[in-house]
Amino acid sequence: MSSWRQQGNLWQLRPSRPQALVEFIGGSYLAATPQVSYRRLLEDLAQLNLAVHAWAYVPGFDHQSQARQAWTELREARRRLVERSGYLPPSLRLGHSLGCKLLLLAPDGGRSSKSLVALSFNNFAADRSIPLLGDLAPRLGVETEFSPSPRETLRLISRHYLQPSNLVVRFGRDDLDQSDELIEALRQRPEDASEFLQLPGDHLTPASAGLRRSVLGDWADDPKRVTAMRRLTTTIRDQALL
């Protein structure tokens, strides 16, 4: 398997002749080091002969701006992959938690990919995502909210997101998941072909195995989580190759 390479904010795995390209954005502060916190998920995808471009970032309040930055940098990395390999593999966008929102807000409306897989979609308001904010903002006399707000995000998805093919994945013990709201917004669009899938696990299922493996090694893997991760990566591979 190819080893990790970093180019700017992107961490990349590139098999010699990938069948497809996965463009990945993770959730919250896990996304600052996707090559560590999502290691098992992304390396397992590379083992299935999928190239991986994972965007690293620290969340801010302006999600629209970060979505634009991610889209620009992922597009440039895709161009370099074409120059290197001589062909353009089909691309799939993969998000976890907040990363789903950033991919759904991409300036191209999802048109440059063949599908989106949204894991544990999360669209909370700032005071829910940052608990101290709800106490501090009134005292400081300021109102602070993500841009776009949760309500505006869903409105933008229903009116401006153009990709018909989406797989929305919820994990059974995920108390932070808001996939129902996402599915409702997606299905308001004409010709929507979005599908819903529930898998065993929790909000950190896509990331926790990578964290545990990086710190403790392969022996620390829980067999149930390994099985869940294998099912997840196979599902993503199948969606990429549809």
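Looking only at region 16-54, residues that are among the small types (Gly, Ala, Ser) and out of contact with any Pro (no Cβ under 7 Å at 6 or more places or on another chain) come to 5 in all.
Here's the yes/no breakdown for (1) part of a strand (DSSP E or B); (2) not aromatic (Phe, Trp, Tyr):
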site	(1), (2)
Val22	yes, yes
Val36	no, yes
Ala51	yes, yes
Tyr57	no, no
Gln69	no, yes
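For region 87-119, taking the residues that are among the small types (Gly, Ala, Ser) and in a loop (DSSP other than H, G, I, E, B), the one that is surrounded by the most Cβ atoms within 10 Å (Cβ to Cβ) is identified as Ser97. Test Phe24 against the criterion of being at pLDDT below 90 and among the aromatic types (Phe, Trp, Tyr), and give yes or no. Here the answer is no, as Phe24 does not meet what is asked.
Only residues that are assigned to a helix (DSSP H, G or I) and either among the charged types (D, E, K, R) or touching a Cys at 6+ places or on another chain (Cβ under 9 Å) (or both) were counted in region 154-178, giving 2.
A single entry from Gln35, Gln66 fulfils the requirement of being of a type in the set (S, T, N, Q), farther than 20 Å from Ile236 by Cβ, in contact (Cβ under 8 Å) with a residue 24 or more places away in the chain and open to solvent by 10 Å² or more (accessible area, probe 1.4 Å): Gln66. Selection of first residues in region 185-199 that are under 18 Å from Gln239 (Cβ atoms) and crowded, with 16+ Cβ neighbours inside 10 Å and of second residues that are of a type in the set (Ser, Thr, Tyr) and modelled with pLDDT of 95 or more, restricted to Cβ pairs under 6 Å at least 6 apart or on distinct chains, gives the following pairs, ordered by first then second residue: Leu186/Ser194. Annotation note: of Glu73, Glu83, Glu43, the sole residue that is charged (D, E, K, R) and modelled with pLDDT under 90 is Glu83.
Within region 1-31, restricting attention to residues that are small (Gly, Ala, Ser) and more than 13 Å from the chain's Cα centre (by Cα), the residue that is surrounded by the most Cβ atoms within 10 Å (Cβ to Cβ) is Ala20.
The values are calculated or read from the model by the stated rules, or taken from the named source; none is laboratory data. No experiment lies behind these values; they were computed from the predicted model shown. Note that we place each Cβ from the backbone using ideal geometry, even for glycine, and neighbour counts take in every protein chain shown. The accessibility values were calculated without ligands, DNA or RNA, using every heavy atom of the protein model including side chains. Shrake-Rupley method; radii C 1.70, N 1.55, O 1.52, S 1.80 Å.
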